[in-house]
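In what follows, a single structure is set out as structure tokens and then discussed.
The values are calculated or read from the model by the stated rules, or taken from the named source; none is laboratory data. Quantities reported herein were computed from a predicted structural model and do not represent experimental measurements. Using ideal geometry, Cβ is built from the backbone for each residue, glycine included, and neighbour counts are taken over all protein chains shown.
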Amino acid sequence: MKQEKLLLWGLVLMFAVLMSVPFLVPHCGFFALFGMVPLLCLERVATLSGVKRVWIWHYSAFVLWNAFTTF
């Protein structure tokens, strides 16, 4: 269970980084094309491992992305 949560947090962080790079570095918009892939993987891992309340992981991903792009 701990390993899955660590993997989910890694995917959340990967999403936030990949989606915030185009806002921070000019001419890197292609990172946004691959930014949604960690969220899809997060959904798949959470579904297969039986994690409940998956929306919390999605919400934390978007909050972290917002924090990275704002600050």
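The single condition from (1) at positive phi; (2) assigned to a helix (DSSP H, G or I) that His27 fails is (2).
May I ask you to list the residues in region 30-69 that are outside any helix (DSSP H, G or I) and basic (Lys, Arg)? Working first, answer last.
From region 30-69, those outside any helix (DSSP H, G or I) are 30, 35-36, 50-54; that's our starting set.
Residues satisfying the conditions are Lys52, Arg53.
Is it fair to say Ser20 is in contact with a Ser or Thr (Cβ under 6 Å, 6 or more places away or on another chain) and surrounded by 15 or more Cβ atoms within 10 Å (Cβ to Cβ)?
So Ser20 passes the test.
Among the residues of region 38-68 satisfying the criterion of being loosely packed, with under 11 Cβ neighbours inside 10 Å and either modelled with pLDDT of 95 or more or not aliphatic (A, V, I, L, M) (or both), which is farthest from Met1 (Cα to Cα)? The qualifying residue farthest from Met1 (Cα to Cα) is Trp55. Considering only residues in region 4-57 that are touching a residue at least 24 places away in the same chain (Cβ under 8 Å) and of a type in the set (Gly, Ala, Ser), the one that is nearest to Thr70 (Cα to Cα) turns out to be Ser20.
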